[in-house]
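Novice: Sending over a structure as structure tokens; questions will come in a sec.
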Amino acid sequence: MYFSVIIPTCDRTDLLDTCLSLLQLQELAVDYEVIVSDDSNTNSTRLLINNKYPYVNWIQGPQHGPAANRNKGASIAKGKWLVFLDDDVKPDTNLLIAYSAAINAHPNISAFEGAIYPDDWKLLKLDMAECPINTTGGCFWSANICIKKSFFEQIGMFDDSFKIAAQEDQEIYNRIKDISLIIFVSDAKVVHPVRIASVLDKLNRLPRSLNSWIFFYKKRHSWVEVFKEAYKSQLIALANAIGKKFIKTSFIHLITLLILFPSITLSAYKFKSNSKI
């Protein structure tokens, strides 16, 4: 087996259905398998795969977040190379061909990142729009990456201390960059939906998002640097939001600035107590 395509999912059957329907159209001369690691609370995903995609290997996820879910899929992978995709992307039919060509062209490289495009550039310009974008490289968003399995295991896989989809891919990105080059493969493309978040949703996610960022940044920096970078990044983001006249986004950054000090202080206390996120 050459590629193992690993897709973590959690109660997003319709999106996963679209992803799998496009993935099965891959034009590839080498073997590949598809593994769906499922953190869902219902049987809908398993039923979808059993009834429509019997070639897909469904496994029960550990229900400890996307990082642990990806690791679970990788643990049973038979492929020499692991391709991680999000369940809501639309993969190009040449995705695996492009990764295969890049691997052949760079035999000493163990990690690659593919391109991620939004499904609606105009929608992306609206207040509270969200979408990971990677059109030139240097991002390593886990919605579309390719890693040699032996190398993935060597570096310790994803850190499953991250319980939400935030910074877990940037953390492994840092570890990879320490020891290896990463090649951007522009032809390995996926399309990601643009979503407009609500203020309430953003506020609900904010505490865990902040804790995840603090945990990520503290791995390589002092607490003083954590404070500095946290406030600096939020002030820049606030200025950008104000410049674009994004009222809702500006409000979120203002709230974030107000709760940064207690959040970092609490995280410092937890860190000293050897607690995780």
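None of the figures in this text is laboratory data; all of them are computed from the coordinates on show. Just so you know, these numbers come straight off a predicted model, no measurement behind them. Glycine also receives a Cβ, built like all others from the backbone with ideal geometry; neighbour counts cover every protein chain displayed.
Novice: If you average the sequence gap of Cα pairs under 8 Å that are 6 or more apart and divide by the length of the chain, what percent do you get for the contact order?
Specialist: 19 percent
Novice: Per-residue HN-Hα couplings for segment 50-59, Karplus 6.51 cos²θ - 1.76 cosθ + 1.60 at θ = phi - 60°, whole Hz, x for Gly and Pro?
Specialist: Once rounded to whole Hz, the list reads 4, 8, 10, 10, x, 6, 7, 8, 8, 9.
Novice: Would you mind pulling out the separation of the Cα centroids of segment 121-141 and segment 217-248, in Å?
Specialist: 18 Å
Novice: Please state the charge dipole magnitude for segment 52-144, taken about the Cα centre, from unit charges on C-beta atoms (+1 on K and R, -1 on D and E), reported in debye and rounded to the nearest 20.
Specialist: Approximately 420 debye in magnitude.
Novice: Relative contact order for segment 199-272: what is it in percent, counting Cα pairs under 8 Å that are at least 6 residues apart?
Specialist: 43 percent
Novice: Distance from the Cα centre of segment 1-70 to that of segment 150-199, in angstrom?
Specialist: 18 Å
Novice: By what distance, in whole Å, do the Cα atoms of segment 199-272 stretch along each of the three principal axes, largest value first?
Specialist: Taking max minus min along each principal axis of the Cα atoms, segment 199-272 gives 40, 22, 17 Å.
Novice: To continue, here is another question. Amide H to amide H under 5 Å from LEU82: which residues, 5+ apart in sequence or cross-chain, H placed 1.01 Å off N in plane?
Specialist: Residues meeting the criterion, in which the H sits 1.01 Å from N, are SER4, ILE147, LYS148, LYS149.
Novice: I would also like to ask the following. With +1 on the Cβ of every Lys and Arg and -1 on the Cβ of every Asp and Glu, and nothing else charged, how large is the dipole of segment 159-277 about its Cα centre, in debye rounded to the nearest 20?
Specialist: Roughly 360 debye for segment 159-277.
Novice: Now, a different point. Using Stokes-Einstein with the Kirkwood hydrodynamic radius over Cα pairs, what translational diffusion coefficient do you get for the chain at 20 °C and a viscosity of 1.002 mPa s, in µm²/s rounded to a whole number?
Specialist: 108 µm²/s
Novice: Quick one: compute the contact order of segment 79-183, relative version, from alpha carbon pairs under 8 angstrom and 6+ residues apart, as a percent.
Specialist: After rounding, I find 37 percent.
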